[in-house]
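I have placed the structure first, in the form of structure tokens, so that the comments after it can refer back to it.
The values are calculated or read from the model by the stated rules, or taken from the named source; none is laboratory data. Just so we're clear, the structure is a prediction, and the values are computed from it rather than from any experiment. Here Cβ is always computed from backbone atoms with ideal geometry, including for glycine, and neighbour counts include all displayed protein chains.
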């Protein structure tokens, strides 16, 4: 065992020490980015490449190439995998798709001369995409069958204020991407932008927080309208999120929030503040913080993700923690490249089978169910 491996193992164990504990073997699968259009088509990808936009050199390359709205085939195949594996209670594996509920309305934004921002529910975006027309009916079926139970990832996977300023300033790369219905290229190192468009709640100007609060409120209202229930869990896109916005989340019904173990909070003008968090920790507004402690990205090359995730689950259980698995929609999408979805789903099936073989007493639960378990336990004391 190398010194780097020893250090990594030590850090993984240490990071699982603080926080809420349980004797139950609880496994959650949280999958980010559902609802966001990301790359609309292969044609769009090729046009962006021809325009000289760099889509492959940063770590987001696989999202740019493979990630798109899930087709009916994508969702049907995912449901087949989840329903094929049962836990100790006889229930199927279940995914918590962490979802945005809207995408930019590119046509109306262009018609305004980039002076106004408009968005559309992601259900309307689905109607425009090939093989996605009946996809939302499958979302609703997944909720009914407890296979696929969405929670909140924001209104859009887009920093609207920063993006609109770039469009209004006629930023060439941003305008070229706009022409293809896209914004997901890496922009943080661009001196004219300095933030990732994907990081919906990051900011340089603290005045943007007022708009961010409105995004949270309108996004959660649309979530309720689309799914017929209120979201209780929030995962801010790409991580950056101001402590000042948490009360707005709580006021709108959010009781659980995903935060990194080491949270780097934006303060504006390039300043940040570091905060340490752990699963079960209470925010000042009495929300419960959750940390992801297992990672599964089978579409990312150079690693055996099944073995790696199994090892992280074992570490979580060793310290009597729920195994909260972080994954992304891109791993299971074949809309643009069929083989990408097939590979991710095959690895998901291997992971699920290995979990129930190694831990027969395991329980597959949603994130909302974990929140209830933690809350009920606390209320009993």
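Can you tell me which residues in the stretch 78-89 are outside any loop (DSSP other than H, G, I, E, B) and in contact (Cβ under 8 Å) with a residue 24 or more places away in the chain?
Quick first cut of the stretch 78-89, residues outside any loop (DSSP other than H, G, I, E, B) only: 78-83, 86.
Those that are outside any loop (DSSP other than H, G, I, E, B) and in contact (Cβ under 8 Å) with a residue 24 or more places away in the chain: 78, 79, 81, 82, 83, 86.
Filter the stretch 270-288 down to the residues that are at pLDDT below 95 and closer than 21 Å to residue 215 by Cβ, then identify the one that is surrounded by the most Cβ atoms within 10 Å (Cβ to Cβ).
283
Which of the residues that make up the stretch 195-212 are assigned to a loop (DSSP other than H, G, I, E, B), in contact (Cβ under 8 Å) with a residue 12 or more places away in the chain and more than 17 Å from the chain's Cα centre (by Cα)?
Applying the first criterion (assigned to a loop (DSSP other than H, G, I, E, B)) to the stretch 195-212 yields 195-207.
Cutting the leftovers down to in contact (Cβ under 8 Å) with a residue 12 or more places away in the chain gives us 195-206.
Listed by number, the residues that qualify are 195, 203, 204, 205, 206.
Of the residues that sit in the stretch 236-269 and are touching a residue at least 60 places away in the same chain (Cβ under 8 Å) and either over 14 Å from the mean Cα position of the chain (by Cα) or farther than 27 Å from residue 224 by Cβ (or both), which one is surrounded by the fewest Cβ atoms within 10 Å (Cβ to Cβ)?
269
Does at least one position in the stretch 40-51 carry a residue that is more than 17 Å from the chain's Cα centre (by Cα), modelled with pLDDT of 95 or more, in a strand (DSSP E or B) and at negative phi?
no
Kindly provide the set of residues from the stretch 315-330 that are closer than 17 Å to residue 27 by Cβ and either touching a strand residue (DSSP E or B) at 6+ places or on another chain (Cβ under 9 Å) or surrounded by 22 or more Cβ atoms within 10 Å (Cβ to Cβ) (or both), ordered by number.
Keep residues of the stretch 315-330 that are closer than 17 Å to residue 27 by Cβ, which gives 315-327.
Listed by number, the residues that qualify are 315, 316, 317, 321, 322, 323, 324, 325, 326, 327.
How about the stretch 41-56: which of its residues are farther than 21 Å from residue 126 by Cα and in contact (Cβ under 8 Å) with a residue 24 or more places away in the chain? I'd like the intermediate steps shown before the answer.
Within the stretch 41-56, the first condition is being farther than 21 Å from residue 126 by Cα, and the residues that meet it are 46-56.
Of everything in the stretch 41-56, those that are farther than 21 Å from residue 126 by Cα and in contact (Cβ under 8 Å) with a residue 24 or more places away in the chain turn out to be 47, 48, 51, 53, 54, 55.
Taking the stretch 171-210, which residues are over 20 Å from residue 38 (Cα atoms) and touching a strand residue (DSSP E or B) at 6+ places or on another chain (Cβ under 7 Å)?
Matches in the stretch 171-210: 203, 204, 205, 206.
Let's see how each residue does on (1) touching a helix residue (DSSP H, G or I) at 6+ places or on another chain (Cβ under 8 Å); (2) modelled with pLDDT under 95; (3) outside any helix (DSSP H, G or I); (4) surrounded by 23 or more Cβ atoms within 10 Å (Cβ to Cβ):
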position: 346; (1), (2), (3), (4): no, no, no, no
position: 349; (1), (2), (3), (4): yes, no, no, no
position: 371; (1), (2), (3), (4): no, no, no, no
position: 381; (1), (2), (3), (4): no, yes, yes, no
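Output the number of the condition that residue 230 fails; it satisfies all remaining conditions of (1) farther than 22 Å from residue 369 by Cβ; (2) surrounded by fewer than 16 Cβ atoms within 10 Å (Cβ to Cβ).
Of everything listed in (1) farther than 22 Å from residue 369 by Cβ; (2) surrounded by fewer than 16 Cβ atoms within 10 Å (Cβ to Cβ), residue 230 misses just condition (1).
Output yes when any residue across the stretch 272-280 is assigned to a loop (DSSP other than H, G, I, E, B) and either more than 17 Å from residue 239 (Cα to Cα) or out of contact with any strand residue (DSSP E or B) (no Cβ under 8 Å at 6 or more places or on another chain) (or both), and no when none is. Write out each step before concluding.
Here is the first cut: in the stretch 272-280, the residues assigned to a loop (DSSP other than H, G, I, E, B) are 277-280.
Now restrict to residues that are either more than 17 Å from residue 239 (Cα to Cα) or out of contact with any strand residue (DSSP E or B) (no Cβ under 8 Å at 6 or more places or on another chain) (or both): 280.
So far as the stretch 272-280 goes, yes, one or more of its residues are assigned to a loop (DSSP other than H, G, I, E, B) and either more than 17 Å from residue 239 (Cα to Cα) or out of contact with any strand residue (DSSP E or B) (no Cβ under 8 Å at 6 or more places or on another chain) (or both).
Kindly establish whether residue 335 is in contact with a strand residue (DSSP E or B) (Cβ under 7 Å, 6 or more places away or on another chain), in contact (Cβ under 8 Å) with a residue 60 or more places away in the chain, assigned to a helix (DSSP H, G or I) and surrounded by 14 or more Cβ atoms within 10 Å (Cβ to Cβ).
Numbers: in contact with a strand residue (DSSP E or B) (Cβ under 7 Å, 6 or more places away or on another chain): yes; in contact (Cβ under 8 Å) with a residue 60 or more places away in the chain: yes; assigned to a helix (DSSP H, G or I): no; surrounded by 14 or more Cβ atoms within 10 Å (Cβ to Cβ): yes.
Against the criterion (in contact with a strand residue (DSSP E or B) (Cβ under 7 Å, 6 or more places away or on another chain), in contact (Cβ under 8 Å) with a residue 60 or more places away in the chain, assigned to a helix (DSSP H, G or I) and surrounded by 14 or more Cβ atoms within 10 Å (Cβ to Cβ)), residue 335 does not qualify.
Looking only at the stretch 90-132, count how many residues are over 27 Å from residue 42 (Cβ atoms), touching a residue at least 60 places away in the same chain (Cβ under 8 Å) and surrounded by fewer than 17 Cβ atoms within 10 Å (Cβ to Cβ).
Qualifying residue count, the stretch 90-132: 1.
Among what's in the stretch 52-75 and is at pLDDT 95 or above and outside any helix (DSSP H, G or I), pick the residue that is farthest from residue 197 (Cα to Cα).
Across the stretch 52-75, the extreme among qualifying residues is 71.
For the subset of the stretch 40-83 comprising residues that are touching a strand residue (DSSP E or B) at 6+ places or on another chain (Cβ under 6 Å) and under 28 Å from residue 356 (Cβ atoms), which member is surrounded by the most Cβ atoms within 10 Å (Cβ to Cβ)?
Out of the qualifying residues, it is 82.
Take the conditions under 16 Å from residue 216 (Cβ atoms) and outside any helix (DSSP H, G or I) and apply them to residue 239. Does it pass?
Values: under 16 Å from residue 216 (Cβ atoms): yes; outside any helix (DSSP H, G or I): yes.
Yes; evaluated as a whole, the condition is true for this residue.
Could you run through the stretch 156-185 and say how many residues are free of Cβ contacts under 8 Å to residues at least 24 places away in the same chain, part of a helix (DSSP H, G or I), within 26 Å of residue 206 (Cβ to Cβ) and touching a helix residue (DSSP H, G or I) at 6+ places or on another chain (Cβ under 9 Å)?
Number satisfying all stated conditions: 1.
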